[in-house]
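Here it is, the structure in full.
The values are calculated or read from the model by the stated rules, or taken from the named source; none is laboratory data. Values in this document were obtained by computation on a predicted structure and should not be read as measured data. Here Cβ is always computed from backbone atoms with ideal geometry, including for glycine, and neighbour counts include all displayed protein chains.
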Amino acid sequence: MQAEDERQKNFFNICGTCKINCCWDAKPPITGRREKIILEYLRTQGIYLENPFVHAEYTFPREDANGYCIFYDKATRKCVVHPVKPETCVAGPVTFDINKTTGKIEWYLKIEKICPLAGVIYKDKALLKKHFEAARREILQLVRELTPEALRTILKREELDTFKIGEEELEGEVLRKL
């Protein structure tokens, strides 16, 4: 497992005070590989969560009765699986879409009003570049590993309040899944 600092910057000083709750109704996609990593992490940390994943059109963390991700600790406002959390959680507030017509993956950043972290990152171009590199790596790994059905399903989910920050050619094997 990669060390946390290699996989993501810890933005808790910003996210821990945010009242927007991106961990509510999020349903981040989980690949089979990421599920195993998270389950192993839970086991080694002595954290017991009954049936932490929902296996539907795609796999995602179960939600509690209030719609929060099962990995979200409301008391600390932290993710209990932070070092191994889902790829899209590491990437946030960077998100993506795939344009089948152009064969490109399009990169988006959430606007500051829905994600204060996005504002901080956007104002610091060096930080944006560094975070985007991590987000890009995580998301490209995710889209390579997702099943075709899972990828098609998550691409249907609208990401509102974002703006495009770039695009790039996408691998043929990923495009064939669509």
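Within the range 40-50, does at least one residue satisfy the condition of being out of contact with any Ser or Thr (no Cβ under 6 Å at 6 or more places or on another chain), crowded, with 16+ Cβ neighbours inside 10 Å, among the hydroxyl-bearing types (Ser, Thr, Tyr) and farther than 12 Å from residue 24 by Cβ?
yes
If you don't mind, another one. Residue 175 is checked against (1) surrounded by fewer than 17 Cβ atoms within 10 Å (Cβ to Cβ); (2) assigned to a helix (DSSP H, G or I); (3) touching a strand residue (DSSP E or B) at 6+ places or on another chain (Cβ under 9 Å); (4) at pLDDT 95 or above and fails just one. What number does that condition carry?
All conditions pass for residue 175, except number (4).
Tell me the residue from 105, 121 that is assigned to a helix (DSSP H, G or I), hydrophobic (A, V, I, L, M, F, W, C) and in contact (Cβ under 8 Å) with a residue 24 or more places away in the chain, please.
The unique qualifying residue is 121.
Can you tell me which residue is farthest from the chain's Cα centre (by Cα) among those in the range 57-97 that are of a type in the set (Val, Ile, Thr) and over 18 Å from residue 31 (Cα atoms)?
76
Please work out if residue 158 is part of a helix (DSSP H, G or I), at negative phi and acidic (Asp, Glu).
Judged against the criteria, residue 158 is not a match.
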